[in-house]
1. Of all residues in the stretch 49-102, count the ones that are under 26 Å from residue 22 (Cα atoms), touching a strand residue (DSSP E or B) at 6+ places or on another chain (Cβ under 7 Å) and assigned by TED's automatic domain parsing to the domain that holds residue 159.
2. Among the helices (runs of 4 or more DSSP H) confined wholly to the stretch 5-105, which include 3 or more residues that are under 15 Å from the mean Cα position of the chain (by Cα), within 16 Å of the ligand (Cβ to nearest atom) and under 30 Å from residue 168 (Cβ atoms)?
3. Is there any pair with a first residue in the stretch 210-221 that is in the same structural domain as residue 260 (by TED's automatic domain parsing) and a second that is surrounded by fewer than 15 Cβ atoms within 10 Å (Cβ to Cβ) whose Cβ atoms are under 8 Å apart and which are 6 or more apart or on different chains, and what are they?
4. Against the conditions (1) loosely packed, with under 15 Cβ neighbours inside 10 Å; (2) touching a helix residue (DSSP H, G or I) at 6+ places or on another chain (Cβ under 9 Å), where does residue 117 fall short? Just the number, please.
5. At pLDDT below 90 and part of a helix (DSSP H, G or I) - does that describe any residue in the stretch 166-173?
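The values are calculated or read from the model by the stated rules, or taken from the named source; none is laboratory data. Remember, predicted model here, so these are calculated numbers, not experimental data. All Cβ positions, even for glycine, are placed from backbone atoms using ideal geometry, and neighbour counts span all protein chains on display.
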Ligand SMILES: [Zn+2]
């Protein structure tokens, strides 16, 4: 079988079409387009494999990317995101690669060790000719590495066994190194997917008339200016009662803006509920009320707003 090395990550890949914009279907980078000039530049440069793999993960996350010569230098500066974001991206990817609940995730340790052995030799020019396993194996394993920005076996084990299985319970590990996405994992992915598709930002705050100007002039305007829809549920009719509608709205929101001025219990609940779902929270409080903010939330960076009325 003829193998081609992906111009970006040098992984074995299926086809590189010969004319004009080449379309590459790489197991690690996904499908992307590349012209003759960037192709020649990548071939001529001695880019370390760790940098190639970062570029590959970045391109994989963008889908249908067109690589241009002028962006190569910027791409070399791409760094992996935070550990929690890598774990989340890995989990989301697993639900796409294994979309049927209950399916075994194929991570055979022997194959993985072989894959990493192969990857470590990528800089040797003859490596691509010496491959002895079917290409399908690479298409099964490399997207997993790419989604989690994973560059070593140690990291893979950390994300799968420790982070996603033992710590978060989003995966289940059974005998013989078999992994499954747990009920909790599915629930988490589906909730965050809904949130990612949404354009709304849930606003949790006191609805006293003192803060009305603050809401209209700062919060609402700011959210709209950023291109989002502010969602505010006026709780005056159901004081201190968190109803199903509020829960559903938070679940569907991309973000929660939580203003703790006037210390309303509902705001703490809504921020905590959003936090538990993995939804980003913007913590805010008016300057003169900041000292009253509950101790448990002080670990988060709270935006302190001026003491004068807005
Ligand atoms: Zn690639």
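1. 0
2. It comes to 49-62.
3. Filtered contacts from the stretch 210-221: 210/309; 213/309; 213/310; 214/309; 214/310; 217/310; 218/310.
4. Of everything listed in (1) loosely packed, with under 15 Cβ neighbours inside 10 Å; (2) touching a helix residue (DSSP H, G or I) at 6+ places or on another chain (Cβ under 9 Å), residue 117 misses just condition (2).
5. No, because not a single residue in the stretch 166-173 is at pLDDT below 90 and part of a helix (DSSP H, G or I).
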